Amino acid sequence: MLKFKKIKKQDTVEVITGKEKGKQGKVIEVNREKGGVLIEGVNLVRKTMRKTKVNPLGGIKDVEAFLDISNVCLSVQSVGKRQELVLK
């Protein structure tokens, strides 16, 4: 997964394939070993939370899930276009 080393935490990226195509957000976390990216507000899944002292009610919450790193590209905000990563 070294070919995608340009995508880092706090970068703005755009999803280019899949059900979330066209959405933009900031990168929260990059997992290079598994080739995944967590993007703020994109690819939300519902998770059930246990009752704890911190969260006494428990319940269902929406949290971000990992997207494959090959399904995103860097987004250049000043121009409003996306920057395709050229792999040579």
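If we scan region 45-65, do we find a residue that is acidic (Asp, Glu) and closer than 16 Å to LYS8 by Cβ? Steps first, please.
As a first pass, look at region 45-65 and keep what is acidic (Asp, Glu): 62, 64.
If we keep only those that are closer than 16 Å to LYS8 by Cβ too, we end up with none.
Checked region 45-65: no residue is acidic (Asp, Glu) and closer than 16 Å to LYS8 by Cβ.
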Per-region count, region 1-16, residues under 15 Å from CYS73 (Cβ atoms), loosely packed, with under 13 Cβ neighbours inside 10 Å and under 13 Å from the mean Cα position of the chain (by Cα)
1
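Since every read-out is calculated from the coordinates, none of them should be taken as a lab result. This structure is a prediction, so every number in the text was calculated from the model and none was measured. All Cβ positions, glycine included, derive from the backbone under ideal geometry; neighbour counts span all protein chains shown.
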